[in-house]
Amino acid sequence: MTTSDVIVIGGGVTGLTAAVRLAELGREVRVVSRDPARDTTSAVAGGLCWPYRVRPEVRAVAWSLRSLHLLTELAARPAETGVRLVTGTMADAGDAEPDGWHAAVPGLRRATPDELPPGCGAGWRAAMPLVDMPSHLRYLERRLARAGGTVQRRPFTSLAEAGREAGTVVNCSGLGARELVPDVAVRPVQGQLVIVENPGVEEWFGAADAHAESTTYILPQPYGVVLGGTAREGAWSREPDPATARAIVERCARVHPKLAHARVLAHRVGLRPGRTAVRLEAERLPGGALCVHNYGHGGAGVTVAWGCADEVVRLTGDGTG
């Protein structure tokens, strides 16, 4: 049996980010994941740094702002990190008071009428980190390896099993926490998207009601434009639905008409790990190992990953970085 100082369960963005932070502080870290990073929900994510379907709000804003700062730094090396700063618009109803996120994001301002697409009454404008997730996950794995961390592909049947192999276990199992913990409060929030050839879209656009099953987002990535999307709670299917895909393209084409005729490159479906609130806390496992839970990030994994990683570091007793 292989033993480690720290085992991080989960090879998605939250697990890899926490592993990087701990490894760079000198801990001996092993990431254990059933699936390679390219097959995780993180790899399917659109990659815009903006909190969405994540609670509790105050803590989520703090985590998001910390991640915003670090992702902005990584955007100075886009070819290496997969992170770019891209200007765009987030639509809203126009009558809500700014929350902690809106008030704190550098450069965020109200969009002027001529900056809004047809049918959009109000919105916010800013240059935000836009993350090419497959590229970013590869960057995190390389960074972890440079810090001495390792990655192992296999499942754990229980947290107690992991606790027998390490003094500290960081549980970033996402939707898998439903069985691993077990925590039935974790539920899938299905997200479907369409990737098309870019007909000239340079800015991102989002209109995401946290309570709606359908959203509209347009995210220009190096490999094409990501069009979304859906947020269907309790839906487990990973198969793209053709009718849903057509509806996504139609919604996005109202913002950028050229998207209606863009060649479709791929259809993707991911299951976000939804929960009424992120679980980020420590407890002792029956055998005595320290377990730090870090799951239930909903649609904001990449947005809160670095902020949550800092809290994981604090909970493991390694300071605040």
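The values are calculated or read from the model by the stated rules, or taken from the named source; none is laboratory data. Since the model is a prediction, treat every value here as computed from it, not as a measurement. Cβ coordinates were reconstructed from backbone atoms using ideal geometry, including for glycine residues, and neighbour counts include every protein chain displayed. What goes into the accessible areas is simple: the full protein's heavy atoms, side chains included, and nothing from ligands, DNA or RNA. Shrake-Rupley method; radii C 1.70, N 1.55, O 1.52, S 1.80 Å.
For region 5-41, filtering for residues that are modelled with pLDDT of 95 or more, out of contact with any strand residue (DSSP E or B) (no Cβ under 8 Å at 6 or more places or on another chain) and either part of a helix (DSSP H, G or I) or open to solvent by less than 10 Å² (accessible area, probe 1.4 Å) (or both) leaves 5. The listed residues are 45, 60, 75, and the only one of them that is within 11 Å of residue 131 (Cα to Cα) and crowded, with 24+ Cβ neighbours inside 10 Å turns out to be 45. Evaluated against (1) of a type outside the set (Gly, Ala, Ser); (2) farther than 30 Å from residue 118 by Cα; (3) surrounded by fewer than 24 Cβ atoms within 10 Å (Cβ to Cβ); (4) in contact with a Lys or Arg (Cβ under 8 Å, 6 or more places away or on another chain), residue 81 falls short on exactly one condition, (4).
Checked against (1) in a strand (DSSP E or B); (2) on the phi > 0 side of the Ramachandran plot, residue 194 passes all but a single condition, namely (2).
Per-residue answers, yes or no, for (1) among the small types (Gly, Ala, Ser); (2) touching a Pro at 6+ places or on another chain (Cβ under 7 Å):
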site: 250; (1), (2): no, no
site: 259; (1), (2): no, yes
site: 270; (1), (2): yes, no
site: 276; (1), (2): no, no
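What pairs come up if the first residue lies in region 22-39 and is farther than 20 Å from residue 162 by Cα, the second is at pLDDT below 95 and open to solvent by 10 Å² or more (accessible area, probe 1.4 Å), and their beta carbons are under 8 Å apart, counting only those six or more places apart or on different chains? Final answer for the pair search is 25/318; 25/319; 25/321. Here 263, 272 are screened, and the one residue that is closer than 23 Å to residue 209 by Cα and open to solvent by 10 Å² or more (accessible area, probe 1.4 Å) is 272. Looking only at residues of region 170-196 that are touching a helix residue (DSSP H, G or I) at 6+ places or on another chain (Cβ under 6 Å) and among the polar types (S, T, N, Q), we find that the one that is most open to solvent (accessible area, probe 1.4 Å) is 173.
Using the structure shown, decide if residue 154 is free of Cβ contacts under 8 Å to residues at least 24 places away in the same chain, open to solvent by 20 Å² or more (accessible area, probe 1.4 Å) and over 24 Å from residue 317 (Cα atoms). Spelling it out, it is not the case that residue 154 is free of Cβ contacts under 8 Å to residues at least 24 places away in the same chain, open to solvent by 20 Å² or more (accessible area, probe 1.4 Å) and over 24 Å from residue 317 (Cα atoms). Hey, which of the strands (runs of 3 or more DSSP E) in region 218-321, taking only ones fully inside, have at least 1 residues that are without any contact (Cβ under 8 Å) to a residue 40 or more places away in the chain? Per the criteria, 224-230, 279-284. The condition of being in a strand (DSSP E or B), within 29 Å of residue 192 (Cβ to Cβ) and small (Gly, Ala, Ser) does not hold for residue 46.
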